[in-house]
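Report on one structure; see the data block that follows.
Computed from the coordinates by the stated procedures, all read-outs in this text should not be read as laboratory data. For clarity, every value in this text was computed on a predicted model and none was experimentally measured. With ideal geometry, Cβ positions are generated from the backbone for all residues, glycine too; neighbour counts draw on all protein chains shown.
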Amino acid sequence: MSRQSLTKAHAKITELSWEPTFATPATRFGTDYTFEKAPKKDPLKQIMRSYFPMEEEKDNRVYGAMDGAIRGNMFRQVQQRWLEWQKLFLSIIPFPEISAARAMPMAIDAVPNPEIHNGLAVQMIDEVRHSTIQMNLKRLYMNNYIDPAGFDMTEKAFANNYAGTIGRQFGEGFITGDAITAANIYLTVVAETAFTNTLFVAMPDEAAANGDYLLPTVFHSVQSDESRHISNGYSILLMALADERNRPLLERDLRYAWWNNHCVVDAAIGTFIEYGTKDRRRDRESYAEMWRRWIYDDYYRSYLLPLEKYGLTIPHDLVEEAWNRITNKGYVHEVARFFATGWPVNYWRIDAMTDKDFEWFEHKYPGWYSKYGKWWENYNRLAYPGRNKPIAFEEVGYQYPHRCWTCMVPALIREDMVVEKVDDQWRTYCSETCYWTDAVAFRGEYDGRPTPNMGRLTGFREWETLHHNKDLADIVQDLGYVRDDGKTLIGQPHLDLDDPKKLWTLDDVRGNTFMSPNVLLNEMSDAERAAHVAAYRANGTTAA
Amino acid sequence: MTETKQRSFPTIEFTDSEAGALEFPSSTSRAYNYYKPAKLRATMYEDVTVDVQPDPERHLSQGWIYGFGDGPGGYPKEWTAAKSSNWHAFLDPNEEWDQTIYRNNSAVVHQVDLCLQNAKRARAYDSWNPAWLKFIERNLGAWMHAENGLALHVFTSIQRSGPTNMINTAVAVNAAHKMRFAQDLALFNLDLSEADVPFDGGAHKEVWKSAPEWQPTREVVERLTAVGDWCELLFAANIVFEQLVGSLFRTELVMQIAARNGDYITPTIVGTGEHDYDRDLGYTRNLFRLLTRDAEYGETNKVLFGEWLAIWVPRCLDAAHALQPIWSQPAEKSVTFASSLDAAKQKFRSLLEDLGLDSPKELDQ
């Protein structure tokens, strides 16, 4: 269709909307934003007549590549270190995708602009595509990769796992609370515009370097839909900016959304890229370097900074602090070590790091070995059952961390941990911003104004609470992370499948009692708590 | 002279990580094991759809971690008055997922496109009589608003609220059907505007907004958008409105009389909407049959659906009756309003019977 025809067609389609006079549409999902003064902004034009064939063609390429991968025996050259992490990643990501579909009517209800309604409804279908195409990729991995355990219980594991819950914010945040906070700022303006770059572009590149060219095939196809979504989000953002009353809410939501995305996405994708790869070329970009390119330059400098001309205060301090956490405070390395500490309650296996890995980390993150090298050597030493407990229960100089009440990634940068009594409970936070999110932002009043539509933090937010004071073997069994012989764990701290004696079983982990840090914290006297927190913070990770 | 940067690339390593390379516990566990498929072998549809939207009653151990300011987050079952002892039992008979959505809708796009190209090439519109041109200009023009309104503010809206991924995905596809069909009608309108025939491409706006025969239809559509209960919305839209107004207009009028008025184009396009509705009615029928046959809640659901019928049937019948004058507008009047309405009512009764619901008395008046 020519550009002129497309313009005419789009103009015709806009004639389909009308102002209702008999009934006012139900407000199912409210917002504290106002769009009374908003000028109508056009998103990218898209009509269904061109949309469906375009997507069908994209699908044909994806499914053709999948057939080719099977015929070409792709799994002969896939790195297990890499594909094991896909058990976690691909258990998480279809839910955020489908949640994005579910978020679209929230934005439609909130924004009085028929031009955008069309774009949002098309995005809804895109997101159904993304969710199901990713589920199908996972199914292919399950069918063709050497170790299907973990893929085979994927959605159950996602729903009962500590790491799944961290990832679940990335979906629930899209569909809950203030419609604009959720479906526009958190989902589109930050998650899709900034962080899909690392999710759907940087990570697939790493997959290809590890012999897996299907992840790039699927995720680059997914990413090719994102530009329209980004356009939808930007149009709504500009409409919101037209009313001064929205400014404090926009600034609140940018701070929350930026920081939460950083905490969640950088934790996961950073770990997958840095600890899931076997590609240790010295000139291979580190996650920090990718982040600098994709997030700092492409998003922060090119997208966020120009918003200042509209009088919006953007969270420079949080962008810089995220960068600081990644480059100086070891955020990704801490998360990887935490995941590896928790290997018995994982549904994926985590490979040990070798001298080659150590060299690469030291090259990319000077000082890495002195902080993390010894721990990974211990991880390697304690990899097999029989002579030792799982590493979490051995003395290796690592204290099991407190969990952040807000982002649910533990408070791993220990000197930054915030401890406050909120809603009559002692809670721990990884940072001041996560404390602010819980105590200030997600409340019914903000900065002296009522914000009844803002969401709330709910649920059993500390995963460990559910399993407090239980035997590790019982926890693993309750979670269902056991292989089909009824005794071997799905999670293993190594990749050796050739010798049954190297595989941990329920009996090997029995006798270790698991304690919730938050339950214990709330049981302490004030003096005990103060001492405990001081000691925890003193075990900091900032380079000397 | 600048130094050429040495190319750097990852090395391929043969890892023998194929299925079957080794035997160990779970080495043959190659099926999703967290749900029970409807038949012995899981379908692709089930594998990519079931449990993607978590449920605290199934595997979700920490509950929903975000809530609304005035209530729980996620997908509360309280968002509808209808009840089910197992919402997860619903599976879409159309088994919609990525590939079916794009294959099916692309096929429709190609069909419509070819039809419209042929119409232009054959100068098909030149032979239409003025009364028929006016009929299409006004009535098909008005109807496309209804389709678009249902797409964006009924079906798109519902798919946020259903308690399972299977329900919400089926409804999302329904929304896509409606949006595509509404746009196809609009672009057909554009073609006619550009053809060398007396056709006012903008007349539809005033007809939809003010023409007396269309106001009750617009009123029902707008009232639908005001419903908060997602299940009532789906019932009112796909069971009542589509049967008594949508099918009445599309199936019992346009599809019956177009050819006799020299128009072989409109039935091809409207036929795609009919095909869509046939698929969409399929999933809707399955869902409501499940609810009326529910061992625990079937009877209370039937009472509830009876209440919904009492609200929506009179509204839709009013809309249907108001449309009566348009049966007289074409030059060739091969069907009467009475026979069309009888046919629509009969199909509606049959659908209600299939769902185990009593026909409302208004149908007999």
Fill in the blank from the handout: So the helices (runs of 4 or more DSSP H) completely within the stretch B:155-246 holding 1 or more residues that are facing another protein chain (nearest Cβ under 7 Å) and among the aromatic types (Phe, Trp, Tyr) are B:203-210
Practice task
May I ask you to list the residues in the stretch B:62-90 that are within 13 Å of chain A (Cβ to nearest Cβ), of a type outside the set (A, V, I, L, M, F, W, C) and buried (at least 21 other Cβ atoms within 10 Å of the Cβ)?
Solution key: B:Gln62, B:Tyr66, B:Gly67, B:Gly73, B:Gly74, B:Tyr75, B:Thr80
Completion exercise
Selection over the stretch B:161-187 where residues are without any contact (Cβ under 8 Å) to a residue 60 or more places away in the chain and within 18 Å of A:Ala100 (Cβ to Cβ) yields a count of 3
Handout entry: Residues that are touching a residue at least 60 places away in the same chain (Cβ under 8 Å) and either facing another protein chain (nearest Cβ under 9 Å) or more than 21 Å from A:Arg325 (Cβ to Cβ) (or both), drawn from the stretch A:437-449
Key = A:Phe442, A:Tyr446, A:Asp447, A:Arg449
Exercise for the section: Consider B:Met144 carefully, then state whether it is outside any loop (DSSP other than H, G, I, E, B), touching a helix residue (DSSP H, G or I) at 6+ places or on another chain (Cβ under 6 Å), within 9 Å of chain A (Cβ to nearest Cβ) and in contact (Cβ under 8 Å) with a residue 40 or more places away in the chain. Expected result: yes
Handout entry: Scope the stretch A:130-147; condition surrounded by fewer than 23 Cβ atoms within 10 Å (Cβ to Cβ) and facing chain B (nearest Cβ under 7 Å); matching residues
Key = A:Asn136, A:Arg139, A:Asn143, A:Asn144, A:Ile146
Handout entry: Single condition B:Trp132 does not satisfy, out of (1) touching a helix residue (DSSP H, G or I) at 6+ places or on another chain (Cβ under 6 Å); (2) more than 30 Å from B:Trp327 (Cα to Cα)
Key = (2)
Handout entry: Count of residues meeting criterion [among the hydrophobic types (A, V, I, L, M, F, W, C), within 14 Å of chain B (Cβ to nearest Cβ) and surrounded by fewer than 20 Cβ atoms within 10 Å (Cβ to Cβ)] in the stretch A:406-436
Key = 0
Completion exercise
Selection from the stretch A:294-323 of residues within 30 Å of A:Trp360 (Cβ to Cβ) and buried (at least 16 other Cβ atoms within 10 Å of the Cβ) yields A:Trp294, A:Ile295, A:Tyr296, A:Tyr299, A:Tyr300, A:Leu318, A:Val319, A:Glu321, A:Ala322, A:Trp323
Completion exercise
Of the listed residues (A:Asp471, A:Asp484), the one being more than 24 Å from A:Asn380 (Cβ to Cβ) and in contact with a strand residue (DSSP E or B) (Cβ under 8 Å, 6 or more places away or on another chain) is A:Asp471
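Could you tell me which of the residues A:Ala159, A:Ala121 is without any contact (Cβ under 8 Å) to a residue 40 or more places away in the chain, within 19 Å of the chain's Cα centre (by Cα) and within 9 Å of another protein chain (Cβ to nearest Cβ)?
A:Ala159
Answer with yes or no whether A:Tyr369 is within 29 Å of A:Leu520 (Cβ to Cβ) and hydroxyl-bearing (Ser, Thr, Tyr).
Here the answer is no, as A:Tyr369 does not meet what is asked.
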Exercise for the section: Mind listing whichever residues of the stretch B:11-57 are part of a loop (DSSP other than H, G, I, E, B), farther than 30 Å from A:Phe460 by Cα and of a type in the set (Ser, Thr, Tyr)? Expected result: B:Thr11, B:Thr15, B:Ser17, B:Ser26, B:Ser27, B:Thr28, B:Ser29, B:Thr43
Fill in the blank from the handout: Counting only residues that are more than 16 Å from the chain's Cα centre (by Cα), of a type in the set (Ser, Thr, Tyr) and closer than 25 Å to A:Leu412 by Cα, the stretch A:276-299 contains a total of 3
Completion exercise
Of all helices (runs of 4 or more DSSP H) fully inside the stretch A:437-544, the set with 3 or more residues that are touching a Gly at 6+ places or on another chain (Cβ under 7 Å), surrounded by fewer than 20 Cβ atoms within 10 Å (Cβ to Cβ) and β-branched (Val, Ile, Thr) is none
Exercise for the section: Report yes if A:Asp205 is outside any helix (DSSP H, G or I), under 29 Å from A:Met66 (Cα atoms) and either in contact with a His (Cβ under 6 Å, 6 or more places away or on another chain) or more than 8 Å from every other protein chain (Cβ to nearest Cβ) (or both), otherwise no. Expected result: no
Handout entry: Residue check for A:Ile314: touching a Pro at 6+ places or on another chain (Cβ under 7 Å) and part of a loop (DSSP other than H, G, I, E, B)
Key = no
Handout entry: Complete set of residues in the stretch B:50-61 that are more than 7 Å from chain A (Cβ to nearest Cβ) and either over 29 Å from the mean Cα position of the chain (by Cα) or crowded, with 23+ Cβ neighbours inside 10 Å (or both)
Key = B:Val50
Handout entry: In the stretch A:42-65, the residues that are surrounded by 19 or more Cβ atoms within 10 Å (Cβ to Cβ) and more than 30 Å from B:Arg315 (Cβ to Cβ)
Key = A:Pro43, A:Lys45, A:Gln46, A:Ile47, A:Arg49, A:Tyr51, A:Phe52, A:Glu55, A:Glu56, A:Asp59, A:Val62
